[in-house]
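Below is one structure; the comments refer to it alone.
The values are calculated or read from the model by the stated rules, or taken from the named source; none is laboratory data. The shown structure was predicted, so the numbers you read here are calculated from the model rather than taken from an experiment. Glycine gets a Cβ as well: all are built from the backbone with ideal geometry, and neighbour counts include every protein chain shown.
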Amino acid sequence: MKHTLTCVECPMGCEIEVVTENGAAVSVTGNSCPRGKAYAENEVVCPKRVLTTTVRMTDGRMLPVKTNLPVKKAELLALMQTVNGLHPTAPVHIGDVLVKNISDGADLVAADNME
Amino acid sequence: MKAGYDIVIIGGGPAGLAAAVAAYDSGVKDVLILEREARTGGILNQCIHNGFGLTRFKESMTGPEYAARFEREVKARGIEVLLETTVLSLNQQREVTAVSPEHGVFTVRAGAVILAMGCRERSRGALNIAGSRPAGIYSAGTAQKYVNIKGYLPGKEVVILGSGDIGLIMARRMTLEGAKVHAVCELMPYSGGLKRNIVQCLNDFNIPLYLSHTITKIEGKERVTGVVVSQVDENKQPIKGTEKHFNCDTVLFSVGLIPENELTKSANIPLSPRTRGAVVYQNRETEAQGIFACGNVLQVHDLVDFVSEEAEIAGRGAAQFVLKGAHPRESVSVENGRDISYVLPQKLDKNASGDTKLYFRVARPLKEIKFVLRCGEHVVLERKKRVAVPGEMETLLLKESQIKELSGNVTLEVVE
Ligand code: SF4
């Protein structure tokens, strides 16, 4: 099968063509660098994204949070359910783990400092 | 409150913070940052998505994380920051008058001033759309503030006009929070947003992008109940018979950003009609001696990484001015040639030292082109480029020796 996608690893945004056989990439063209090849191969097999959102702290402020590694794109909306149930208490600092291994070995971490 | 500082920076967003650190590291320690809000970081505080810092730090950070890096540097140097401080006026003698709850109205004299006020969103008022003005119409940035800072969703059924980056980011953000984004309409035949955002904010969630489309009617009395969207022709006029109707309770506008230059204008500092920011030299000094500008107040950037880079140039320039004073200039202009919407800096001082990066944007999407910088018939520099779009800033590096050799004004143009 032939897939056309836009590489998002850098602002160049190369148009990449990937041919897959039995779910695996057999050829990648159009990328300008190796990062593009890796991106395209993952993208056709199992696309992943970093989830970024906010949670309401017990004092009412909103704390930005993110997964520290990309998680499966298909799981993003389901993960939002879990994340919206969290209500941490200040102080919280960048990198503090809020949920260990929320998915695929990625932790949910604080992405801002709230004193 | 001191009566004077070597450098006063107006704005504590990404540009102001990076400029302060660079000025300090260039030997000027007496630096003051004036910030309107209760915290520094500017717009980055509400940009909770990631993708910041890829160019500069080779890692993907959220807006607050990117801001925190610079806040830490500012703090480590003991640079003074006044929060909740709004600058009321500025003049060419570099007197800055501001007001804050803590100090009331006060004036500080500055050895050099750095303008880092950022930009604001173009308003819907600039667009003529039929219909009354019901509730439920927001700029994308306002919606971003509601969702990310205040924590509530301004609506459940959304149509977005304009495919600027903030609009794209909000399409994803509101979808994740449970809203349904029915469409993003873009007047132009191409998007003004970054490709990464089209892929990850729209395609990932199957949100349709209608190019060459606009909203022609907003329905609803108290609250938005729907919109009519029409295709437009080459002259951006709606084509009859192409109307589509969407039920929605919210319309977001993401139709561009404008540098926030009221202060600059009040100080009679010349602006460029193309960038809507000040006209500057390589060191980001404006036509007013000792007053520098950087970041989105100078040109609307698409990557904060470039804002930091430009702010550092201004910070070093301002420090140089404080330490060594003004030097006589010998300047040439950089003109916009074919398919170039603007180039920055607009002026090159042949007496300035160091290489210079020209930042510029193309006027339309282009493929397989060459950027050519000429001085009369002489080609100073050229570079091949496979793809160029208006939404992504381009750069060219001009060597100090090339600048010194210029015999007159230069023109940057696209050759196909
Ligand atoms: S293939 Fe390489 S150069 Fe092209 S967009 Fe991807 S990372 Fe950038």
Task: Every residue from region A:1-16 that is part of a strand (DSSP E or B) and either under 18 Å from A:L69 (Cα atoms) or more than 11 Å from chain B (Cβ to nearest Cβ) (or both) - done: A:K2, A:H3, A:T4, A:I16
TODO: Take the residues in region A:98-115 that are of a type outside the set (G, A, S) and not in a strand (DSSP E or B), then tell me which one is farthest from the chain's Cα centre (by Cα).
DONE: A:E115
- [ ] Answer yes or no as to whether B:R361 is within 25 Å of the chain's Cα centre (by Cα), in a strand (DSSP E or B) and of a type outside the set (A, V, I, L, M).
- [x] yes
TODO: Look through region A:19-45, keep the residues that are more than 22 Å from the chain's Cα centre (by Cα) and within 16 Å of the ligand (Cβ to nearest atom), and return whichever of them is nearest to the other protein chains (Cβ to nearest Cβ).
DONE: A:S32
- [ ] Only one of these is surrounded by 24 or more Cβ atoms within 10 Å (Cβ to Cβ) and assigned by TED's automatic domain parsing to the domain that holds B:C294: B:G27, B:G42. Name it.
- [x] B:G42
TODO: Check A:C14 against each of (1) surrounded by 16 or more Cβ atoms within 10 Å (Cβ to Cβ); (2) more than 12 Å from the ligand (Cβ to nearest atom); (3) modelled with pLDDT under 95 and name the one condition it does not meet.
DONE: (2)
Open item on the list: If I ask for residues that are within 19 Å of B:R72 (Cβ to Cβ), charged (D, E, K, R) and away from chain A (no Cβ under 14 Å), which ones from region B:12-52 would you list?
Closed with: B:D25, B:K29, B:E35, B:E37
Task: Residue within region A:72-80 that is free of Cβ contacts under 8 Å to residues at least 40 places away in the same chain and within 16 Å of the ligand (Cβ to nearest atom) present - done: no
TODO: Return only the number of the condition from (1) surrounded by fewer than 20 Cβ atoms within 10 Å (Cβ to Cβ); (2) in contact with a Ser or Thr (Cβ under 6 Å, 6 or more places away or on another chain) that A:G30 does not satisfy.
DONE: (2)
Open item on the list: Taking the criterion of being modelled with pLDDT of 95 or more, closer than 30 Å to B:K145 by Cα, surrounded by 15 or more Cβ atoms within 10 Å (Cβ to Cβ) and in contact with an Asp or Glu (Cβ under 7 Å, 6 or more places away or on another chain), would at least one residue in region A:44-55 satisfy it?
Closed with: no
TODO: Looking only at region A:52-68, decide whether some residue is more than 10 Å from every other protein chain (Cβ to nearest Cβ) and touching a strand residue (DSSP E or B) at 6+ places or on another chain (Cβ under 6 Å).
DONE: yes
